[in-house]
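The values are calculated or read from the model by the stated rules, or taken from the named source; none is laboratory data. All values derive from a computational prediction rather than experimental measurement. No Cβ is skipped: glycine too gets one built from the backbone with ideal geometry, and neighbour counts run over all protein chains shown. For accessibility, only protein heavy atoms count, side chains too; no ligands or nucleic acids. Shrake-Rupley method; radii C 1.70, N 1.55, O 1.52, S 1.80 Å.
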Amino acid sequence: MIIILLGPPGAGKGTQAQKIQSSQGLVQLSTGDMLRAAVSAGTEVGKKAKDFMEAGKLVTDEIVVGIIADRIEEDDCKQGFLLDGFPRTVAQAEALDNMLNQKSLKLDGVIEMKVDDEALVDRITGRYTCADCNQGYHEENLKPKVDGVCDNCGSTNFKRRADDNRETVSSRLESYHAQTAPLLPYYESQGVLKTVDGMADINDVTTQINDVLGSLA
Ligand code: AMP
């Protein structure tokens, strides 16, 4: 199955993608995670992407399309994959359509996670992850059971994303509305768009997404 999770920054795409990855065995392909890894490793791609990311702007289509084209060739993508944060422009969506056509694959569904803009700033500025296993947390909405200790792996090291600050968030939301929201009519016209209520409780959102996946299977 090939699925896209679509929604603004802070909608919960990464959280839900991790849950779906473990429950459905679909590998999560997050261009944001791949770009952050490239920035940390200081690769050529990372050097090109860093300034865009810190400013909350989209990196070029050429860079992300190249990353995804290489990644979907890997063995773990043979059973399908879940795209998280890609595509983010109509040009990227067209490039994806071409890649899938060439491999005689088809996109099964695009799941839009709909969230009010006002909720996103608090969601993003309060979030952090375990530095060792990447489990996501939030200062208010999703605290570890024991303060300062990761529920998943017991680590006491946590990290925040460099771009999860108020200034960058507004630029990221602008990019979403100007460049990514046009994907909604694009996929609606292909008949693959499904919408879930991303304002619901995390587990409710997972249930809604699982229902959509069940209807596609
Ligand atoms: P994310 O983790 O998905 O919020 O992505 C973090 C940042 O990486 C974004 O603000 C962009 O600068 C960059 N990025 C991630 N995915 C894409 C994409 N598909 N197209 C362009 N830029 C991207």
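Side notes on the structure shown:
- Given (1) open to solvent by less than 70 Å² (accessible area, probe 1.4 Å); (2) within 27 Å of Arg36 (Cα to Cα), index of the condition Leu193 fails: (2)
- Residue under evaluation Arg123, criteria (1) more than 19 Å from Val27 (Cα to Cα); (2) touching a residue at least 60 places away in the same chain (Cβ under 8 Å); (3) surrounded by 14 or more Cβ atoms within 10 Å (Cβ to Cβ); (4) in contact with a Leu (Cβ under 8 Å, 6 or more places away or on another chain), criterion not met: (4)
- Being within 14 Å of the ligand (Cβ to nearest atom), among the acidic types (Asp, Glu) and open to solvent by 30 Å² or more (accessible area, probe 1.4 Å) is a description that applies to Glu62.
- Scope region 161-211; condition hydrophobic (A, V, I, L, M, F, W, C) and either within 14 Å of the ligand (Cβ to nearest atom) or more than 21 Å from Tyr128 (Cα to Cα) (or both); matching residues: Ala162, Val169, Leu173, Ala178, Ala181, Leu183, Leu184, Val192, Leu193, Val196, Ile209
- For His177: the one exception among (1) part of a helix (DSSP H, G or I); (2) in contact with a Gly (Cβ under 6 Å, 6 or more places away or on another chain): (2)
- With respect to (1) closer than 24 Å to Gln190 by Cα; (2) of a type in the set (S, T, N, Q); (3) within 12 Å of the ligand (Cβ to nearest atom); (4) surrounded by fewer than 17 Cβ atoms within 10 Å (Cβ to Cβ), the lone exception for Gln92 is condition (4).
To keep it simple, each residue is scored yes or no on (1) touching a strand residue (DSSP E or B) at 6+ places or on another chain (Cβ under 6 Å); (2) in contact (Cβ under 8 Å) with a residue 12 or more places away in the chain.
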position	(1), (2)
Glu112	yes, yes
Asp147	no, no
Cys153	no, yes
Ala162	no, yes
Ser189	no, no
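- Filtered residues of region 40-55 (kept if in a helix (DSSP H, G or I), open to solvent by less than 80 Å² (accessible area, probe 1.4 Å) and farther than 21 Å from Arg166 by Cα): Ala41, Val45, Gly46
- Annotation: of all residues in region 1-38 being within 9 Å of the ligand (Cβ to nearest atom) and of a type in the set (A, V, I, L, M, F, W, C), the one that is least open to solvent (accessible area, probe 1.4 Å) is Leu35.
- Screening Asp84 against (1) modelled with pLDDT under 95; (2) touching a Ser or Thr at 6+ places or on another chain (Cβ under 6 Å) leaves a single unmet condition, (1).
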